[in-house]
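Undergrad: Shown below is the structure under consideration.
The values are calculated or read from the model by the stated rules, or taken from the named source; none is laboratory data. Treat the numbers as computed from the prediction; the structure is a model and nothing was measured. For neighbour counting, all protein chains shown are included, and Cβ atoms are generated from backbone atoms with ideal geometry for every residue, glycine included. Please note that ligands, DNA and RNA were not included when accessible areas were found on the heavy atoms of the full protein model with its side chains. Shrake-Rupley method; radii C 1.70, N 1.55, O 1.52, S 1.80 Å.
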Amino acid sequence: MLPVRAITFDVGGTLDGPGLPWRPRFEALYRAEAMEEPAERLARAFYDADDHLHERHALSGLDLRGTVELQVADTLSGLGRSSPALVERVAGAFVRDARRAFRSARPVLERLRSHFRLGVVSNFYGNLRDVLRHEGLLDLFQVVVDSREAGFEKPDPRIFLAACDALGVSPERTAHVGDSVPRDVEGARGAGLIPIWFAPEGVEAVAEPSVLRIRQLDELERVLRPVPAA
């Protein structure tokens, strides 16, 4: 078991999903709506919406549903489409799945909180605390570092170190859990944290064999051991 005092979590794809990033989850929903745009064009529209959401919209106070609806509407706009009904269906399906994952994660986080200090390190739009509050999860974390508020994003080591500083725990005694190898695994390792890759069955192993991989969040209770403060 790995000895740690704190755990930080990614949100998109980790706490709100089965170890899969937002883009492929959205793509599956678009394909289910019989959208036939080439994958590269769909990805460009998604990332354009993602990168500029905070510039195009007032996001403060917005919950998950409102945030996702804007992301979907902007993606569709980038594809030359405008369909409130399609936005409703795609955003609704995404949010239902995300909220199911949040509900599943909460009891695990509650048990972990009794032994470890918990935080969030996520590339988001500046309203992550609002989203977590609306979902009933904000109270579980001692710190939430939203990249838009911090001014740097994963894999920049500074975003991880900001969380460690706020938690009052050294990087080498902090584990970071995330679904992205370049952003979460490599970013955390570069900052001196212990990386844990969250990837479900069926996802090809792309992290180095030395990196601990979990397939469900509750595995953390079996692989981490709390250590007292020095």
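Undergrad: For the chain, what does -39500 (n - 2.57) per DSSP helix run (n ≥ 4), summed and divided by total residues, give at 222 nm, in deg cm²/dmol to the nearest 500? The partial results should precede the final answer.
TA: Values: 9 runs with 105 residues, N = 230.
One gets -14000 deg cm²/dmol as the mean residue ellipticity at 222 nm.
Undergrad: Further question: Net charge near Leu140: determine it from the other residues with C-beta under 10 Å of the C-beta of Leu140, scoring Lys and Arg +1 and Asp and Glu -1. Mind dumping the intermediate values first?
TA: Working: positive: Arg106, Arg113; negative: Glu110, Asp139.
Here the count lands on 0.
Undergrad: Take the alpha carbon gyration tensor of region 122-177, find the square roots of its eigenvalues, order them as a ≥ b ≥ c, and report rounded if a/c is under 1.5; if not, report prolate when a/b exceeds b/c, else oblate.
TA: Working: a/c = 2.32, a/b = 1.30, b/c = 1.78.
Oblate shape, in that a/c is at least 1.5 and b/c is the bigger or equal ratio.
Undergrad: Next question. If the viscosity is 1.567 mPa s and the temperature 4 °C, what translational diffusion coefficient in µm²/s does Stokes-Einstein give for region 146-196 when Rh comes from Kirkwood over Cα pairs? Mind showing how you got there, number by number?
TA: Values: Rh = 10.5 Å.
Estimated diffusion coefficient is 123 µm²/s.
Undergrad: Give the long-range amide H neighbours of Val145: residues separated by 5 or more places, or on another chain, with amide H under 5 Å away, using H modelled in the peptide plane at 1.01 Å from N.
TA: Val120, Val121, Ser122
Undergrad: A further question on this structure: Tell me, what % of the accessible area of the chain is carbon and sulfur with a 1.4 angstrom probe? Walk me through the numbers before you get to the answer.
TA: Details: 5240 of 10450 Å².
The value for the chain is 50 percent carbon and sulfur by accessible area.
Undergrad: With a Cα-only, solvent-free Debye model of region 139-230, what are the log10 I(q)/I(0) values at q = 0.18 Å⁻¹?
TA: The Cα Debye sum returns log10 ratios of -0.85.
Undergrad: Sticking with this one: For region 1-121, with every protein chain kept in place, what is the accessible area per residue (1.4 Å probe, Å²)?
TA: Values: 5480 Å² over 121 residues.
Spelled out: the 1.4 Å probe surface of region 1-121, per residue, equals 45 Å².
Undergrad: Accessible area of Asp165, 1.4 Å probe, to the nearest 10 Å²?
TA: Answer for Asp165: close to 130 Å² accessible.
Undergrad: Something else now. Assuming a ≥ b ≥ c are the square roots of the Cα gyration tensor eigenvalues, decide whether region 9-133 counts as rounded (a/c under 1.5), prolate (otherwise, with a/b larger than b/c) or oblate. List each step's numbers first, then the result.
TA: Values: a/c = 2.17, a/b = 1.74, b/c = 1.25.
Here region 9-133 falls in the prolate category.
Undergrad: Follow-up question, since we're still on this one. With all distinct Cα pairs included, what does the Kirkwood hydrodynamic radius of the chain come out to in Å, to one decimal, could you say? Write down the numbers at each step before the final one.
TA: Values: mean 1/r = 0.0555 Å⁻¹.
One decimal place: 18.0 Å for the Kirkwood radius.
Undergrad: With +1 on the Cβ of every Lys and Arg and -1 on the Cβ of every Asp and Glu, and nothing else charged, how large is the dipole of region 61-111 about its Cα centre, in debye rounded to the nearest 20?
TA: Values: 9 positive and 6 negative charges, 60 e Å.
In total the dipole reaches around 280 debye.
Undergrad: Calculate the length of the line joining the C-alpha centroid of region 103-138 to that of region 6-36, in whole Å.
TA: The distance from the Cα centre of region 103-138 to that of region 6-36 comes to 17 Å.
Undergrad: Return the loop-located GluC sites (Glu not before Pro) in region 138-230 (DSSP other than H, G, I, E, B) with at most 10 other Cβ atoms within 10 Å of their own Cβ; answer none if there are none. Intermediate values should be presented prior to the final figure.
TA: Values: sites: Glu149, Glu153, Glu172, Glu186, Glu201, Glu204, Glu219, Glu221; in loops: Glu153, Glu201, Glu204.
Those that pass, being in a loop and sparsely packed, are Glu201, Glu204.
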